[in-house]
Structure formats: structure tokens, C-alpha cells
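The values are calculated or read from the model by the stated rules, or taken from the named source; none is laboratory data. Because the structure is a prediction, the values reported are computed rather than measured. Reconstructed Cβ throughout: ideal geometry from the backbone, glycine too, with neighbour counts over all protein chains shown. When the accessible area is computed, the model is the full protein with side chains, heavy atoms only, and any ligands, DNA or RNA have been set aside. Shrake-Rupley method; radii C 1.70, N 1.55, O 1.52, S 1.80 Å.
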Amino acid sequence: MSLDTRPLRLQQRLSEKTRTRRQPAPRVNPNYPRRMRLADTLQVFCIVSLALAVALFLGCGGAARFGTPADALTSIGIVTGLVGTDLLLVMTLLAARLPAIDRAFGHDNAMALHQSLGKPALYLILAHAVFLIIGYALSSEVTVFAETWSMLTQMPDMLLAFIALGLLVLVVVTSLVIVRHKLPYEVWHIVHLLSYVAVLAALPHMLTAGTVLVAGSLQWYYWLALYVGVAGSIVVYRVVLPIVRSLRSRLVVAGVDREAPGVVSIRLSGRRLHHLQATAGQFFIWRFWTPGQWWQAHPFSLSAAPAHNSLRVTVRALGDGSTDLASVPVGTRVSFEGPYGLFTDRARTSPRIVLLAAGIGVAPIRALLETATFAPGQATVLLRSHSVADSYLVDEIAELCRLRGAEFRIIAGKRAPGAHSWLPGDAVNARITLKTLVPNLSESDVYICGPRRWTDEVVRDARSAGLPTQQIHFERFDW
């Protein structure tokens, strides 16, 4: 492990004048209790919606439909279909980037929950199809294959329902980590958009072929309102609002600065950017309108605190799209979605702060360091890299640490083969942990940004040290 302090004056302290200046310790962020109340409220709404899905079935006499094996299987199929579809709608809302969800959970947590619901929703929809087909076959005294063919050819909108099921299977399979990492992001993204088509394609058969959602009934209007609400949220927050904000801001590329081999900072200028209410640590989804880039969307975090008419992102060449951004012409128009994420000072619960980054994960960490609330001596910045030369934005971070009285370390070195640790091999052998590096860890909020595996290991280390969940904030540079 290397802690290089000489070339860039790392771990510098403030001058004697700055050290002796009395600065009150920051108070615990009052946003946290409000955020927790909002999160609890949203979770209650989710649970209530699932309960109402079952209540729709019970409200039309469903409890009495278990007298025969055929009726029991059919009833189970109806309930699993209602609950599974409700879960799909919840998943869609989690990915719709609603401001309330972003404020309550943050983007990473919302998308993690979105992904975790994929398999249960698919299993419920598959159970819906299987139980209904078998129940109908028993009732009609025909084979399962004959009943399936009859449903496809004679029941209204049933072909659409089977297409929706096939699309849903495709989306869930391509979302598995082992499959997703073998696909280009653009291919995976296009396939994932088919989930919207699957949810919409399933609606007609529910409104025309079911015995619960009878046309004109209260249940029918309620279910239709759910779909309209979810679809409206997607249109407003994923389409309309980004277009309006992009046109109003008139964002263009103001300059491209080379930070290191394969790493550039892109300076953006526009007008009235303060109306976006972006804060350090958040990210946007950017689209650069050049011939080779307009069709690609890039999720990049701000690498500097947003100014009145300017923003900055720092990009590492990790693929064809991000590599081409190093030569994007000055004056290129830029559209965007965002800002997103709870990786900000608003999530703070403690007076001290620890900022950890690996690779290009340094971008939001650098921005946070610029604006986070802390007194001298209450912040620690740890950059993890293979070597000191592999660290990015080091000059800026070292200077900010010097000015603000933060401790700064570069932890350099290669990981031991097969070791489950975010630290270099010699540090693991010396039994160094996050707790030994930061003695005041229990009084700190920890912000972590880097590759998925590395980030997960830092989070595991923080939890092993007894740090509660509300004091751990992380973003993974991974899709």
C-alpha cells in the first residue's frame, strides 16, 4: 500500500490562522427525518396497492371460487396475475425517475429495488398463465395444449397477452448480471424498453377477458387509472420534462480538458442552470448532438459544484461512446435528463464525512468535497488506485483539502488475487480496515463511488465496522 504525500502535498493541514479560527460543527441534516417519512409513505402506498390487487378479486366474490380443483386453480391464476401486474407497475414507477422516489431512496437504491422485483413479478405472471390454462383445461375437460390453442384463437386479446409474457421473459433474462455484462449497453437498453411494451400489451386482455375487471365497474376504472398514472409519469418525467429543461437551458460544450490518458473533463455552458436545482454529487443523463453521439445516452456525474451558467463532467474512456467524447467539438448542443441521485450532502446524518473513490468514481467525490458542510478536521478523502499516477483530479482534490482542512490519502497498490477486500494486498495482510484508516468512522457519513465490486466491498467493510445503513451512501459506476 502506498500513501504518497510528497508530490502533491497530500494530507496538508490548514495554516495556523485557519486552524485557530473557530467554526461551529455542522448540525445533523434536518432533511434526513423528512426523507425517511417520505420513504415510509411511499412504501405504504406500495403495500396498499398490492393489497388492493387482492381486494379486487375478493370484492367480486372470489373467496367463494375455490369449490372445485378447476375453480381453485383458476382463482389462484387470477390473483397471481393481479399481484404480478401490480408489481410490474411498481417496477415501472421506480424506473420513471419521479422526484419523490429520487428524494426518498436515491437512484441506486430505487434501481436496485426495481431489479429485485423483476424475478418475483415474472414468476407471478408465469404462475398466472400456468394456473389459468390448467384450470380452464380441467373445467373444459380438454388437454392443456388444446386449451392453450383455444385461448390464443378464440379469446379476445389473448395473443397480445402471450406476446407480453414473451417480452417480459426476454427483459428479465437480459437483466441477469451474467447476461447483461455480455451485451453492449445500447442493446440492453433497447431490449429493456420492451418492458413498457409488455406492460401495455397485457392490459387489453385484462379489461376484456377477465371476470374481475368487468367493463364499467369500479374495479375496471381503478385498474385503468393505475395504468394511466404510471404511463403519464413516464411521459412527463422521462420525455416531456427533459425536453423542456434542455430547450430552456440551451446547454452547449464550452471546452474539453485532458486530465489524464483516456480521461477528459467536459465543460458545459448554458443559461439559468440554477433553475435545475442540481447539487454536487448528482448525475445527469447526457446526449451530445453530434453525428456519432446523438443516439447514445451517457450517465455522468458532475465533477464540480454546479455554477449559475456552467456545469462540468469528467469522463473516462471505457467504451466507443465515451472515447469519442474526448473529441466532441466546442459548441455542440447537449440535451439531458436530470439531475438525479441522493449522493449529496442532503443525505447527511453526521457531522463528520468520509469520501472514498476508485477510478472515475472520483468525479462526484470531488464535487461533494467542494460544497459539503464540515469544519476543519472533520473530513477524510481516500482515493484508491493501482498507483498514484492512476488517480484522477488529484491536484484539484489536494488543493480543496488544503483549503478546507480535510485529510487526503491516496491508497495505491494492487489487490491480492482472490482477496475480497477493497484495499491492496499488503494492507489486507496488515489487517488494515476502513475503521483503522478512519478512527472517527462511527461519527461519520461515508460516501463511496467506484466500480460495482469495489464499492460493494467498501460497503461491506463499513457495515462490518458497525456503521448503520443511514450513514452509508454509495453509487456504482456500472449498469
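Summary table below
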| quantity | calculated |
| --- | --- |
| Where the chain is the region considered: accessible area per residue in Å², 1.4 Å probe | 48 |
| Residues E443 and R272, FRET efficiency given R0 of 45 Å [Cβ-Cβ distance, rounded to 0.05] | 0.70 |
| Helix-only CD estimate at 222 nm, as mean residue ellipticity for the chain, using -39500 (n - 2.57) per DSSP H run (n ≥ 4) | -15000 deg cm²/dmol |
| Cα-centre dipole for the chain with unit charges at Cβ (Lys and Arg positive, Asp and Glu negative), debye to 20 | 2040 |
| Karplus-derived HN-Hα couplings along the stretch 335-343 (A = 6.51, B = -1.76, C = 1.60, θ = phi - 60°), whole Hz, x at Gly and Pro | 10, 7, 10, x, x, 10, x, 10, 7 |
| 5 angstrom amide H check on R352, placed H, neighbours 5+ away | D445 |
| q = 0.06, 0.07 Å⁻¹, the chain: log10 I(q)/I(0) [Debye, one scatterer per Cα] | -0.34, -0.46 |
| Fully extended contour minus Cα-Cα distance, from T373 to K435, at 0.36 nm per residue | 20.1 nm |
| For the stretch 112-172, the Rg and Dmax computed from alpha carbons only, in angstrom | 13.4, 44 |
| Portion, in percent, of the accessible area of the stretch 82-170 that falls on carbon or sulfur, probe 1.4 Å | 73 |
| Sparsely packed GluC sites (Glu not before Pro) within the stretch 124-232, loop by DSSP, other Cβ within 10 Å at most 14 | E141 |
| Amide H contacts under 5 Å for E259, placed H, 5+ residues apart | V264, S265 |
| DSSP beta bridge pairing in the chain, given as percent antiparallel to the nearest 5 | 55 |
| Sequence-distant residues sharing a close amide H with L467 (under 5 Å, placed H) | none |
| Per-residue HN-Hα couplings for the stretch 55-60 [Karplus 6.51, -1.76, 1.60; θ = phi - 60°; Hz; x = Gly/Pro] | 5, 4, 5, 5, x, 10 |
| Projected-area average for the stretch 310-414 over all orientations - Cα convex hull basis, square nanometres | 8.3 |
| Cα gyration tensor shape of the stretch 257-315, rounded if a/c is under 1.5, else prolate or oblate by comparing a/b with b/c | oblate |
| Linear extension gain, T469 paired with A317, 0.36 nm per residue minus alpha-carbon span | 51.5 nm |
| ³J(HN,Hα), Karplus 6.51/-1.76/1.60, whole Hz, each residue of the stretch 353-364, x for Gly, Pro | 9, 10, 10, 10, 9, 9, x, 6, x, 5, 4, x |
| Gain in span if fully extended, Y123 to D395, counting 0.36 nm per residue against the direct Cα distance | 92.8 nm |
| Rounded, prolate or oblate (a/c below 1.5 giving rounded, otherwise prolate when a/b exceeds b/c) for the stretch 59-136 by Cα gyration tensor | prolate |
